[in-house]
1. Looking at 322, 334 in this structure, which one is surrounded by 19 or more Cβ atoms within 10 Å (Cβ to Cβ) and in a loop (DSSP other than H, G, I, E, B)?
2. Checking residue 374 against (1) within 16 Å of the ligand (Cβ to nearest atom); (2) over 21 Å from the mean Cα position of the chain (by Cα), which single condition isn't satisfied?
3. Please give the number of the condition residue 364 fails out of (1) in contact with a helix residue (DSSP H, G or I) (Cβ under 8 Å, 6 or more places away or on another chain); (2) outside any helix (DSSP H, G or I); (3) on the phi < 0 side of the Ramachandran plot.
4. Among the numbered criteria (1) at pLDDT 95 or above; (2) part of a loop (DSSP other than H, G, I, E, B); (3) within 9 Å of the ligand (Cβ to nearest atom), which one does residue 218 miss?
5. Being touching a helix residue (DSSP H, G or I) at 6+ places or on another chain (Cβ under 7 Å) and part of a loop (DSSP other than H, G, I, E, B) is the filter here; which residues of region 271-291 pass it?
6. Which of the following residues is over 18 Å from residue 54 (Cβ atoms) and surrounded by 18 or more Cβ atoms within 10 Å (Cβ to Cβ): 169, 114, 121?
7. Across region 12-42, which residue is nearest to the ligand (Cβ to nearest atom) among those that are within 19 Å of residue 125 (Cβ to Cβ) and surrounded by 15 or more Cβ atoms within 10 Å (Cβ to Cβ)?
8. Please work out which residue is farthest from residue 398 (Cα to Cα), limiting yourself to region 64-94 and to residues that are part of a loop (DSSP other than H, G, I, E, B) and within 15 Å of the ligand (Cβ to nearest atom).
Ligand SMILES: Cc1cc2nc3c(=O)[nH]c(=O)nc-3n(C[C@H](O)[C@H](O)[C@H](O)COP(=O)(O)O)c2cc1C
């Protein structure tokens with residue numbers, strides 16, 4: 001088996017995809033605001049063999065459940081939150097090879113300013129920055145930012161044009177040889193090697209030129225996570241890693257196959273887009289000790305908060321359903337993959353609202369793997385074999401205890417089995433062997449000779 005991509009999934013919030021556990025005696029719900037903690041945590045992840053730490057982000061309150069944000073706010077459910085982009089330089093300073101995935105939403109970030117921010121971080125991280133491209137699903141965010149949430153597929157159409165703008169700014173505006181720093185001719189940059197992009201489209205008018213010199217990767221490593229058909233089509237065109245979340249390997253396999261099929265239609269090789277699925281890991285010295293910690297977690301879960309999160313994702317107010325009502329595939333304009341995980345992707349099971357609430361309390365849509373290092377490593381290998389994914393977003397119930405236990409118990413087993421990659425250099429070179437995107441990627445068509 002080839003190496004396993006390991007990404008630590010996180011968010012700068014009291015509680016990310018696990019509800020109620022901030023009340024557990026081992027929890028540290030204030031830790032997300034503590035820079036010293038994050039620096040120490042990034043070092044832990046790097047030593048534990050993670051390729052990246054990946055920060056999710058939203059900009060609204062989960063206010064669909066009972067038509068109000070009260071449940072999510074009370075529970076600290078992805079609220080309140082800090083902006084993850086502002087954390088990255090400090091983590092880069094403390095590490096040498098860990099990559100940093102950061103979510104930024106094309107429905108409200110200006111493409112010109114986003115290109116500048118990620119180019120800046122590409123320099124400051126030595127080429128270790130990745131961008132998780134999201135189109136979003138929260139009306140509550142856009143209510144404050146402006147513009148309104150477009151219909152689902154139109155969000156992706158607009159995102160395609162957005163990508164043309166940022167590719168133009170990163171690849172097509174300041175030529176790689178523009179930087180002269182030549183005192184004799186008084187030329188810092190060669191003005192003949194800097195040009196506008198003159199983008200005029202349906203959604204954006206951006207003349208350029210770019211104002212930030214592209215960094216070592218020129219284009220940040222590109223993550224994406226939509227697994228609706230339109231989401232997969234977008235990913236197959238642009239993404240270098242596609243994130244899934246599903247309850248079993250059998251449920252994730254069709255998404256992996258669909259994504260690889262679409263990739264071929266875009267004339268991209270299978271190795272040009274990795275697939276990564278979410279798994280919550282609770283490890284310990286022995287299976288029994290891990291199970292005991294897991295059971296202690298179960299005593300604190302908050303099912304209302306879990307339903308508030310799912311309602312916010314999908315736009316379905318689950319407070320209007322009975323506990324034994326079955327979740328059905330219905331048309332939604334929100335996060336289609338989230339609903340799909342418990343409907344179309346799991347055709348043999350009828351998920352009731354009660355089942356959904358219980359499953360969602362720890363780790364959201366993904367599975368929870370509980371056990372010793374050997375047990376966890378076996379299960380991760382089984383997932384890779386049966387679903388076809390290339391790696392994992394490792395989620396946690398309690399960030400500190402679960403990631404420390406992963407480093408202590410799971411990492412040594414993965415290392416012994418030769419599954420960790422642990423390269424050096426830019427993130428793209430660690431994951432693909434090259435600093436820049438290949439010629440088959442659409443960004444390359446914007447490239448200046
Ligand atoms: C691991 C993972 C992380 C995600 N992180 C974010 C995020 O930080 N912000 C966000 O708005 N959406 C996030 N999403 C949601 C996706 O970007 C996307 O909106 C969702 O999967 C629905 O897309 P679809 O309707 O095309 O399936 C994430 C999804 C997954 C599986």
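1. When all the criteria are applied, what remains is 334.
2. (1)
3. Against the list (1) in contact with a helix residue (DSSP H, G or I) (Cβ under 8 Å, 6 or more places away or on another chain); (2) outside any helix (DSSP H, G or I); (3) on the phi < 0 side of the Ramachandran plot, residue 364 comes up short only on (3).
4. That leaves (3) as the condition not met.
5. Scanning region 271-291 gives 273, 284, 285.
6. 169
7. 12
8. 64
The values are calculated or read from the model by the stated rules, or taken from the named source; none is laboratory data. Quick caveat, the model's predicted, so the values are computed rather than measured. Note that each Cβ is placed from the backbone with ideal geometry, even for glycine, and that neighbours are counted across all protein chains shown.
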